Amino acid sequence: MKISIYKPNVNILNMKEEISKIFAIFRYINGRKIDMRNYNDRLNLQKLTYILKKAGFNFSYYFSWYVKGPYSPLLASDAFNYFESNEDINEKLSEAELKIVKDLKIAFGNELQNPNKLELYASLLFIKSTSAIELSEDEKLSEKLISLKPWFNKEEVKEAIKKLRESRLFSN
């Protein structure tokens, strides 16, 4: 029996339900199924899942900091396995979950399909949660993000912070 260092002691059925739900949300937001062979789809899946978790989804995936921001090796593994199984996605969202997804679409629109925007939003939320810097602390949060990701400019970071704050989906 193989044991992965990335798999915590979690009910396998729950993990399958979670990944199925994540794939369903990806399809809802992007209007198509995810292709795990595509780098941008994999990146979007990671960042979108992290954003959903911060917006109130009770996913059990643990995220740590990686090159492109929050990353979960277990999510990557489960997503590849689920994709390769070619199972139909038939996961239903609860009313509360559907409301979160709809609110995200209203607040962020097509940016939810943009890997760079998702990286920026997810990274800001990760820094916020690990550094105890609030969304209201624009300057501190912006400086911290740019120190880790200098390819983002100050204006776009501040605009992203403003958008996250105005969405009211994440505690200030």
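The values are calculated or read from the model by the stated rules, or taken from the named source; none is laboratory data. Everything numeric in this text was worked out from a predicted model, so none of it was measured. All Cβ positions, glycine included, derive from the backbone under ideal geometry; neighbour counts span all protein chains shown.
Would you check if F80 is in contact with a helix residue (DSSP H, G or I) (Cβ under 9 Å, 6 or more places away or on another chain) and part of a loop (DSSP other than H, G, I, E, B)? In short, no. Of all residues in region 109-124, those satisfying the criterion of being farther than 13 Å from V67 by Cα, assigned to a helix (DSSP H, G or I) and among the polar types (S, T, N, Q) are N110, Q113.
Determine if region 150-163 includes at least one residue that is of a type in the set (K, R), in contact with a Leu (Cβ under 8 Å, 6 or more places away or on another chain) and assigned to a helix (DSSP H, G or I). Checking region 150-163: not a single residue is of a type in the set (K, R), in contact with a Leu (Cβ under 8 Å, 6 or more places away or on another chain) and assigned to a helix (DSSP H, G or I). Taken together, I106, I127, I133 contain a single residue that is assigned to a loop (DSSP other than H, G, I, E, B), closer than 24 Å to E159 by Cβ and over 13 Å from the mean Cα position of the chain (by Cα), which is I133. Go through region 83-103 residue by residue and tally those that are in a loop (DSSP other than H, G, I, E, B) and either surrounded by 12 or more Cβ atoms within 10 Å (Cβ to Cβ) or polar (S, T, N, Q) (or both). The total comes to 7.
Taken together, the residues in region 28-59 that are farther than 21 Å from N116 by Cβ and under 14 Å from the mean Cα position of the chain (by Cα) amount to 4. With respect to the conditions (1) modelled with pLDDT of 95 or more; (2) touching a Lys or Arg at 6+ places or on another chain (Cβ under 7 Å); (3) basic (K, R), K33 lacks only one, and its number is (1).
Listed by first and then second residue, the pairs with beta-carbon distance under 6 Å, at least 6 apart or on different chains, first residue in region 128-152 and over 21 Å from Y66 (Cβ atoms), second assigned to a helix (DSSP H, G or I) and among the charged types (D, E, K, R), are L135/R165; D138/K158.
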